[in-house]
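> Encoded as structure tokens, here's the structure I'll be asking about.
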Amino acid sequence: MTDYPSDDHWQYGDNRLYYVHDPMCSWCWAFAPVWNRLVAALEGTVRIETILGGLAPDAEQPMPGVLREKIRGIWQVIEIEVPGTRFNFDFWEHCTPRRSTYPACRAVIAASRQAPELEAYMIHAIQQAYYLEARNPSDHSVLIDLASGLGLDMTRFSGDLNAPETRAELDWQIAFCRKLGVAGFPSLVLSHRRREYDRLRIDYRDPNAILKQIEVITGRIN
């Protein structure tokens, strides 16, 4: 595993918000609308870093039936608890689910290598494909098709998707996630110039509840 990022790389001295996620995390999908509003509200005030936590490593075997039912049940719970969140349950009939999210994580890194702003577009494309279009982002063919739809350089993307450098970057981000003490996704961690970390409470309905936490913390340390 690669070393943790250096202080210079992560610039710990700034007020910055780490968003730890996985593009195939269903709770991250539910949080996406609030997250987008939070990003817009924080523009120019707090630097934001997205960190891939990596839910599940590469796997080719089909997901066990018990786990399929468990995750399908989580989707049903989310639809109730986070109004407006939708899932296409055809996925469980039309696809062969695998407990494998690392390929999707690497796709996010591969997209960002072509342009930083493509990271968010790739995350959204993966989530749309998985949760609304009943497509399986554990499959490389789906990820390549999504990259094509975003207009990426396909030769470069296909090479970067499983390149050693991409795998090392994912390992690096997962290690940093653990250093932050994060075990579940989505998670928000605010760091500040004292090199301290504050875990924020996630609110799936109201970005203002999260903004208030940030205001209290940054007001206390400034």
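Since every read-out is calculated from the coordinates, none of them should be taken as a lab result. On a predicted model such as this, the values are computed, not experimentally measured, just so you know. Note that we place each Cβ from the backbone using ideal geometry, even for glycine, and neighbour counts take in every protein chain shown.
> Counting other Cβ atoms within 10 Å, keep those with at most 10, restrict to DSSP loop, and tell me which GluC sites (Glu not before Pro) in segment 30-138 are left.
E43, E60, E117
> Let me ask something else. Using the Cα centre of the chain as the reference point, and only Cβ charges (+1 on K/R, -1 on D/E), how large is the resulting charge dipole? Debye, rounded to the nearest 20.
So the magnitude is around 620 debye.
> Do any trypsin sites (Lys or Arg not before Pro) in segment 45-92 lie in a DSSP loop with no more than 13 other beta carbon atoms within 10 Å, and if so, which?
R86
> A further question follows. Along the Cα→Cβ direction, 7 angstrom out, place labels at Q76 and R156. What is the inter-label distance in nm?
Simple spin-label model gives 4.6 nm for this pair.
> At E215 and A40, where each label point lies 7 Å from the Cα along Cα→Cβ, what is the point-to-point distance in nanometres?
Result for the modelled spin labels: 1.8 nm.
> Something else about it: Would you mind calculating the gained length between T96 and H124 on full extension (0.36 nm times residue separation, minus the Cα-Cα distance), in nm to one decimal?
Length difference between fully extended and current span is 7.9 nm.
> Report the trypsin sites (Lys or Arg not before Pro) located in segment 129-222 that are in a DSSP loop and have at most 14 other Cβ atoms inside 10 Å of their Cβ, or state none.
Taking segment 129-222 and a limit of 14 other Cβ atoms within 10 Å, the loop trypsin sites (Lys or Arg not before Pro) found are R193, R194, R195, R201, R205.
> Based on the alpha-carbon gyration tensor of segment 119-222 and its eigenvalue square roots a ≥ b ≥ c, which shape applies: rounded if a/c is under 1.5, prolate if not and a/b is larger than b/c, or oblate?
Prolate shape, in that a/c is at least 1.5 and a/b is the bigger ratio.
> So how far apart, in nm, are the two label points at H140 and A115 if each is 7 Å from Cα heading toward Cβ?
Each label point lies 7 Å from its Cα, and together they span 2.6 nm.
> Cysteines without a disulfide-compatible partner in the chain, using Cβ under 4.7 Å as the rule?
C95, C105, C177
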